[in-house]
Amino acid sequence: MASVALSEAEKVYIVHGVQEDLRVDGRGCEDYRCIEVETDVVSNTSGSARVKLGHTDILVGVKAEMGTPKLEKPSEGYLEFFVDCSANATPEFEGRGGDDLGTEIANTLYRIFNNKSSVDLSSLCISPREHCWVLCVDVLLLECGGNLFDAISIAVKAALFNTRIPRVRVLEDEEGAKDIELSDDPYDCIRLSVENVPCIVTLCKIGCRHVVDATLQEEACSLASLLVSVTSKGVVTCMRKVGKGSLDPESIFEMMESSKRVGKVLHMSLQSVLHKEESLGPKRPKVGFLG
């Protein structure tokens, strides 16, 4: 993950500011930076989104492909995640430098989507045991400016909201052979419900307090962070500790409560933006990634 070098004086300045609930950029401990969200930015995908959070820039594309259901879940489709850490994001990702981080992010996404409540996977089934939709979610890190996991989870939810899957009919002949017919109408499609899709809220422990949406400088002052997956109703679906430091039980409880409060507001704001953008229709101006 991208990192910055700070002097001891700079670290002391950041830590003391956090103790007073005043961060370097003027935010409080539970405030996010301005988030820019734009959907439908890549034309050759089933759904796409671009999210910019401070200096963190994420592009996500979703491609619907036909596949075979997994043996343990014959009546469901499934999601696959691929994460590419571009060398343009930070020099540390050159060569195979970003492979470990990409694998870590992909595994985290698999964990938060590994429950029936996040996405209705049964709606992706075409014919039990034979055909289903596989949603390939490609995540591209364009720029790394801190708080990667939160930005990626927001971008994935926005891209899934924008995803349109062609409606399919299964025709069976007299001999029992099945034939699949895709609708030619681009508006005849199914949409995924993303109401229960969780977002990740990362809380970094700095000194005796914790902050959300940490910058690279603040991450350099933190020895331990807690990644909490929160739904729009404030339900925690999973959490994971990262970093070399330790967290006491009281701190973990406080961080979980903070993540629930912050997560509810985050979901509400994101849903509002997504619905507002969709209401503008195809004539909406392109102002972001491909503007």
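Tell me the mean residue ellipticity at 222 nm calculated for the chain from its helices only (DSSP H runs of n ≥ 4, each -39500 (n - 2.57), averaged over every residue, nearest 500). Before the final figure, lay out the partial values.
Details: 5 runs with 77 residues, N = 291.
About -8500 deg cm²/dmol.
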Which value, in Å² and to the nearest 10, is the accessible area of residue 110 when all protein chains are kept and the probe is 1.4 Å? 90
Counting other Cβ atoms within 10 Å of each Cβ, which GluC sites (Glu not before Pro) in region 115-184 have at most 11 and sit in a DSSP loop? 174, 175
With Cα coordinates, the longest principal axis of the chain makes an angle with the long axis of helix 99-112, in degrees rounded to 10, of 70
Long-range amide H contacts for residue 84: which residues qualify at under 5 Å (H placed 1.01 Å from N, peptide plane, sequence gap of 5 or more or a different chain)? 139, 140, 141
Sum up the charges of everything whose Cβ sits under 11 Å from the Cβ of residue 243, counting Lys and Arg as +1 and Asp and Glu as -1, but leave residue 243 out. +3
Taking every other residue with Cβ under 11 Å from the Cβ of residue 59 and scoring Lys and Arg +1, Asp and Glu -1, one gets -3
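Say R0 is 35 Å: what FRET efficiency, to the nearest 0.05, do residue 171 and residue 116 get from their beta-carbon distance? Each step should come with its number before you reach the end.
Values: r = 30 Å, r/R0 = 0.84.
Once rounded, the FRET efficiency stands at 0.75.
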What lysines does residue 205 reach when the alpha-carbon gap must be under 30 Å and sequence neighbours fewer than 8 apart in one chain are set aside? 11, 52, 157, 233, 241, 244, 260, 264
Check the straight Cα-Cα distances from residue 70 and name the lysines below 16 Å, setting aside those fewer than 8 residues away within the same chain. 116
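Sort 218, 8 from largest to smallest accessible area, using a 1.4 Å probe on the heavy atoms of the protein chains.
Details: 218 5, 8 130 Å².
Result, largest first: 8, 218.
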Have a look at 85, 204, 34 and tell me which one the Gaussian network model of the chain (Cα, springs below 10 Å) gives the largest fluctuation. 34
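Give the ranking of 269, 259, 86 by solvent-accessible surface, highest area first, calculated with a 1.4 Å probe. Walk me through the intermediate numbers first.
Values: 269 65, 259 0, 86 20 Å².
Highest to lowest solvent-accessible surface, that is 269, 86, 259.
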Connecting C-alpha atoms closer than 10 Å in a GNM of the chain, tell me which of 102, 26, 234 has the biggest fluctuation. 26
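I'd like the carbon and sulfur percentage of the solvent accessible area for region 93-198, probe radius 1.4 Å, heavy atoms only, ligands and nucleic acids excluded.
Details: 2280 of 5220 Å².
Ligands and nucleic acids excluded, carbon and sulfur reach 44 percent.
Just the number: Rg to Rh for region 1-159, Cα atoms, Kirkwood Rh, two decimals. Numbers along the way, then the final one.
On the way: Rg = 18.8 Å, Rh = 17.6 Å.
Expressed as Rg/Rh, it is 1.07.
For the chain, calculate the relative contact order in percent as a whole number, restricting contacts to Cα pairs under 8 Å that are 6 or more residues apart. Intermediate values should be presented prior to the final figure.
Working: 579 pairs, mean separation 57.1, N = 291.
RCO, the chain: 20 percent.
Just add up the charged neighbours of residue 127: K/R +1, D/E -1, any other residue whose Cβ is under 10 Å from the Cβ of residue 127. All intermediate terms of the calculation are to be shown ahead of the outcome.
Numbers: positive: 129, 178; negative: 130, 172.
Around residue 127, the charge tally is 0.
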Would you mind giving the average projected area, over all directions, of the Cα convex hull of region 164-291 in nm² with one decimal? 13.2
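Among DSSP beta bridges whose residues both lie in region 37-111, state the antiparallel percentage, nearest 5.
Working: 10 of 10 bridges.
Among the beta bridges of region 37-111, antiparallel pairing accounts for roughly 100 percent.
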To the nearest µm²/s, what D does Stokes-Einstein give for region 2-77 at 10 °C and 1.306 mPa s, using the Kirkwood radius over alpha carbon pairs as Rh? 95
In degrees, nearest 10, range 0 to 90: what is the angle between the Cα axis of helix 249-279 and the longest Cα principal axis of the chain? 50
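What does the convex hull of the Cα atoms come to per residue for the chain, in Å³? Could the numbers behind the result be given before it?
On the way: hull volume 41.9 nm³, N = 291.
Convex hull of Cα atoms, per residue: 144 Å³.
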Could you list log10 I(q)/I(0) for region 77-144 at q = 0.12, 0.20, 0.21 Å⁻¹, which the Debye formula gives when each Cα is one point scatterer? -0.42, -0.81, -0.85
Rg/Rg_globular for region 186-254, with Rg_globular taken as 2.2 N^0.38 Å and Rg from C-alpha atoms: 1.45
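How much of the DSSP beta bridge set in region 73-161 is antiparallel, as a percent to the nearest 5? Don't skip to the answer; put the middle values down first.
Details: 2 of 10 bridges.
The antiparallel proportion sits near 20 percent.
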For region 128-198 and region 218-274, what is the separation of their Cα centres, given in Å? 27
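The values are calculated or read from the model by the stated rules, or taken from the named source; none is laboratory data. Since we're looking at a predicted model, the values are computed, not measured. All Cβ positions, glycine included, derive from the backbone under ideal geometry; neighbour counts span all protein chains shown. Note: areas computed on protein heavy atoms with side chains; ligands, DNA, RNA excluded. Shrake-Rupley method; radii C 1.70, N 1.55, O 1.52, S 1.80 Å.
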